[in-house]
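*Asks:* Take a look at the following structure, please.
Please treat every number below as a calculation from the coordinates, not as lab data. Computed from a prediction, not measured in an experiment: that's the story for all the values here. A quick note on method: Cβ atoms are made from the backbone with ideal geometry, for glycine too, and the neighbour counts reach across all protein chains shown.
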Amino acid sequence: MLRLLDTIAATRAATAESRSRGSIGFVPTMGALHAGHASLIQRARSECSTVVVSIFVNPLQFDRPDDLERYPRSLETDLELCRKDGVDFVFAPSVSEMYPRRMEMAVDVGRLADHLCGRYRPGHFKGVATVVLKLLEIVQADVAYFGEKDAQQLAVVRRLVTDFNVPVRIAGVPTVREPDGLALSSRNQRLTADERRLAPCLYAALRRVAASVDKGVSNVSEITRDATTAIPTDERLRLEYLELVDPEDFQPLTRVTSPVVAAGALWVGNTRLIDNIRCTPPRTSA
Ligand code: AMP
């Protein structure tokens, strides 16, 4: 039976009581749940005795007020999906429950936020790391599940729990895509039919990066120049970045000599989409 909880105290009490029955799996989300979230929930369900999902649109991580305002919210359908996937607890706090007063402290994410989304969304990862630390303290799960779709976020969270000795295992879950390659995202709902048709070109560009790396091309400017040809010239499309970074520290690379993360952000009309893919070069004959 799914229980909806909206206070920190009730959530702490519920998870404390569940702990004696076995491990607790936690899936933090901002709601508007789709099959990508469901994949995280199903993984948690298969590995843990108790599954907790949080639904909280965190104002701290939004760098643009209009994005926060327009962010899709659909608690009733979200609860349906959670019920279907066997979630035990949904923690859906109000903003005032999470932030009863202005936060004085925040997590400094350091160099991990210098590039990609960190560069274009000032304060975003500081807001993410701060809310994730709060949520981990509230739920006190054994395992927390995050999507590889948000690769930089996953790297920030992994480093957060290492640097602050948070006793939780972080599990990364592969990106769920539409048949045409578009990564599922709550923001996809905002696309018009025409924009939706254009949107898969971001993944197509990343596939081109993977193909070049596969062939042994190592010069990053050559790789990205070729990849951007997958983005059609169209006034609705604006590529914000397409970069190759080190999978651990997310610093940009100029040559590919070991596995890399290729990541991109594309504006499609008024909607900003992100995606990434891991690429491994062929083994060099040493
Ligand atoms: P969000 O609600 O967008 O904050 O996402 C909550 C969690 O779901 C994050 O860990 C995301 O990385 C993950 N997620 C979002 N979209 C996908 C997807 N298409 N495939 C896998 N995980 C996803």
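*Asks:* May I ask for the net charge around ASP180, where only other residues with Cβ less than 10 Å from the Cβ of ASP180 are counted and Lys, Arg are +1 while Asp, Glu are -1?
*Replies:* Once positives and negatives cancel, what remains is +2.
*Asks:* Thinking of the chain as a set of Cα atoms, what percent of all their pairs are more than 36 Å apart?
*Replies:* 17
*Asks:* Then there's this: I'd like the antiparallel share, as a percent to the nearest 5, of DSSP beta bridges with both residues in the chain.
*Replies:* DSSP beta bridges in the chain are roughly 50 percent antiparallel.
*Asks:* Still on this structure, I have one more. Run the helix sum for the chain: -39,500 (n - 2.57) per DSSP H stretch of 4+ residues, divided by residue count, reported at 222 nm to the nearest 500 deg cm²/dmol.
*Replies:* For the chain, the value works out to -11000 deg cm²/dmol.
*Asks:* Which value, in Å³ per residue, describes the convex hull spanned by the Cα atoms of the range 5-66?
*Replies:* 98
*Asks:* Defining a contact as two alpha carbons under 8 Å apart and six or more residues distant in sequence, what relative contact order in percent does the range 48-124 show?
*Replies:* Averaging sequence separation for qualifying contacts and normalising by length gives 46 percent for the range 48-124.
*Asks:* Given +1 on the Cβ of Lys and Arg, -1 on the Cβ of Asp and Glu, and no further charges, what dipole in debye does the range 140-198 carry about its Cα centre, rounded to the nearest 20?
*Replies:* That gives a dipole near 40 debye.
*Asks:* Same structure, new question: Which distance in Å, rounded to a whole number, links the C-alpha centroids of the range 217-263 and the range 1-43?
*Replies:* That distance is 36 Å.
*Asks:* Toward the positive end of the charge dipole of the range 157-234, about the Cα centre and with charges on Cβ (Lys, Arg +1; Asp, Glu -1), which of ILE170, SER218, PRO232 goes farthest?
*Replies:* Farthest towards the positive pole: ILE170.
*Asks:* How large is the dipole of the range 1-104 about the Cα centre if only Lys and Arg carry +1 and Asp and Glu carry -1, each at its Cβ, rounded to the nearest 20 debye?
*Replies:* 320
*Asks:* Let me know the Kirkwood hydrodynamic radius for the range 1-135, please, with Cα pairs as the basis and the value in Å to one decimal.
*Replies:* About 15.9 Å, per the Kirkwood formula over Cα pairs.
*Asks:* Next question, about the same structure. Go from 0 up to the bin containing the longest alpha carbon distance in the range 154-201, width 5 Å each, and give me the % of pairs per bin.
*Replies:* Reading upward from the zero bin: 5, 17, 19, 13, 10, 12, 12, 8, 4, 0.
*Asks:* Please determine, in degrees from 0 to 90 and to the nearest 10, the orientation of helix 35-47 with respect to the longest principal axis defined by the Cα atoms of the chain, where the helix direction is its Cα long axis.
*Replies:* Approximately 60 degrees, to the nearest 10.
*Asks:* Here is a follow-up. Once the cut-off is 17 Å, how many percent of the Cα-Cα pairs in the range 187-266 end up in the long-distance tail?
*Replies:* For the range 187-266, the share of Cα pairs beyond 17 Å comes to 46 percent.
*Asks:* Right, another one. Under the definition of Cα pairs under 8 Å and six or more residues apart, what whole-number percent is the relative contact order of the chain?
*Replies:* 17
*Asks:* I'd like the distance between the alpha-carbon centres of the range 80-104 and the range 159-201, rounded to an integer number of Å.
*Replies:* Spelled out, the Cα-based centre of one part sits 20 Å from the other.
*Asks:* Something else now. When the chain is treated as a GNM, springs tying every alpha-carbon pair under 10 Å, which of LEU191, LEU206, LEU112 comes out with the largest mean-square fluctuation?
*Replies:* LEU191
*Asks:* What is the Cα coordinate range of the range 145-286 on the first, second and third principal axes, sorted by size from largest, in whole angstrom?
*Replies:* That gives 45, 40, 24 Å along the principal axes, largest extent first.
*Asks:* Ordered by packing density, taken as the mean number of other Cβ atoms within 10 Å over each peptide's residues, highest first, how do 94-100, 151-157, 232-238, 34-40 rank?
*Replies:* My ranking of the peptides, most packed first, is 151-157, 34-40, 94-100, 232-238.
*Asks:* For the range 91-163, what's the relative contact order in percent, using C-alpha pairs closer than 8 Å and at least 6 residues apart?
*Replies:* 33
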